[in-house]
1. It is to be established whether one or more residues within region 163-185 are assigned to a helix (DSSP H, G or I), touching a residue at least 40 places away in the same chain (Cβ under 8 Å), open to solvent by less than 10 Å² (accessible area, probe 1.4 Å) and not β-branched (Val, Ile, Thr).
2. Just to check your reading of the model, which residue among 111, 93, 67, 73 is among the polar types (S, T, N, Q) and within 13 Å of the chain's Cα centre (by Cα)?
3. Could you run through region 187-202 and say how many residues are open to solvent by 30 Å² or more (accessible area, probe 1.4 Å) and either touching a Phe, Trp or Tyr at 6+ places or on another chain (Cβ under 9 Å) or without any contact (Cβ under 8 Å) to a residue 12 or more places away in the chain (or both)?
4. Kindly provide the set of residues from region 207-224 that are more than 14 Å from ligand 2 (Cβ to nearest atom), open to solvent by less than 10 Å² (accessible area, probe 1.4 Å) and of a type in the set (Val, Ile, Thr), ordered by number.
5. Return the residues of region 54-98 that are in contact (Cβ under 8 Å) with a residue 40 or more places away in the chain and within 16 Å of ligand 2 (Cβ to nearest atom); say none if nothing qualifies.
6. Can you pull out the residues in region 27-53 that are more than 23 Å from residue 250 (Cβ to Cβ) and touching a residue at least 40 places away in the same chain (Cβ under 8 Å)?
7. Which condition from (1) more than 18 Å from residue 229 (Cα to Cα); (2) modelled with pLDDT under 95; (3) away from ligand 2 (no atom under 16 Å from the Cβ); (4) of a type in the set (Gly, Ala, Ser) is the one that residue 101 breaks?
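The values are calculated or read from the model by the stated rules, or taken from the named source; none is laboratory data. On a predicted model such as this, the values are computed, not experimentally measured, just so you know. Counting neighbours? That spans all protein chains shown, and the Cβs are built from the backbone with ideal geometry, glycine included. Accessible surface areas use protein heavy atoms only, side chains included; no ligands, DNA or RNA. Shrake-Rupley method; radii C 1.70, N 1.55, O 1.52, S 1.80 Å.
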Amino acid sequence: MSLLEVIGVTHTYAGSRLFRRAGRQTPVLTGVSLSIEQGMGLGLLGASGAGKSTLGRVILGLERPRQGQVLFQGQDLYRADASTRRQLRRDLQAVFQDYTSSVNPRMTAGQIVGEPLENYERLSARELHRTVGELLERVGLKAEDARKYPHQFSGGQLQRISIARAIALKPKLIVLDEAVSSLDMVNQTNILALLGDLKSIFGLSYLFITHDVKAAYSISDALAVMEKGALIERCGDKDQLFSSPHPVVNKLISSVLSEHPRYRSLASSSNPS
Ligand SMILES: Nc1ncnc2c1ncn2[C@@H]1O[C@H](COP(=O)(O)OP(=O)(O)O)[C@@H](O)[C@H]1O
Ligand SMILES: [Mg+2]
């Protein structure tokens, strides 16, 4: 049994005024199927508007698809009863791009990281304090940072706090949606290394959503590519994707190249490193 199975998911945003005026509904996802095994990192690539974030929200249980199923640990996320859903959600965490709005500015780092623990586990104040300190240290911050507020941290540090919160309950799968895209190169590299370490320590699985081919390549075991709401490529071995790149992949490679000239090796070689 796969950890996650997405089966024939189709979705349309009903509320969009643009679609209503045009008198038609353009599907945002069309028959998307994919699976993620325990301990595996799947990179999901695609240009802006391809439907990646929508698929991420569907997988997280946040956006009920029009058709299709999401099976997490063999259970249908959208048909499970409330208490099963709550248990499934515990093992399914997310880190988003916008770290400034994904943390509450009035909560301390300790409260932010400790919130899932308070929701799901009965820890004494002392145990909670200790666990939060350990989580902060695990992501390269200090236990004392628990007292600080979001405005006292840099972007890279805030994203570490989001990661500490996401791993607090030792989930099975973390959906990372453009989680390093707003960071500078040094922070990107550091966070990707941290995610790689956490994956091997905890046997975590990732869905790593990005438009950045290089970031996806460095963190993933397998890669999938989306275009216009459909999954157009799925490679169990990530190097396969670059041996004869699909035009969409080539376009993504060149868009990354124009942002970062040091990625030139990626375009000229079929085996980026
Ligand atoms: N809440 C929403 N309501 C209506 N349309 C949306 C909504 N979210 C996304 N879309 C549209 O769905 C398409 C896919 O968006 P998204 O899933 O965010 O793609 P990606 O993450 O690949 O950039 C886009 O055309 C976008 O404008
Ligand atoms: Mg997106």
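1. Among the residues of region 163-185, at least one is assigned to a helix (DSSP H, G or I), touching a residue at least 40 places away in the same chain (Cβ under 8 Å), open to solvent by less than 10 Å² (accessible area, probe 1.4 Å) and not β-branched (Val, Ile, Thr), which makes the answer yes.
2. None of the other options fit; the residue is 93.
3. Here the count works out to 6.
4. Residue satisfying the conditions is 213 alone.
5. Residues satisfying the conditions are 54, 55, 56, 58, 59, 60, 63, 94, 95, 96, 97, 98.
6. Within region 27-53, 27, 28, 29, 31, 33, 36, 37, 38, 39, 40 qualify.
7. (3)
Here is a yes/no grid of residues against (1) over 19 Å from residue 246 (Cα atoms); (2) at pLDDT below 95:
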residue: 36; (1), (2): yes, no
residue: 39; (1), (2): yes, yes
residue: 49; (1), (2): no, yes
residue: 52; (1), (2): no, no
residue: 55; (1), (2): yes, no
residue: 58; (1), (2): yes, no
residue: 62; (1), (2): yes, yes
residue: 67; (1), (2): yes, no
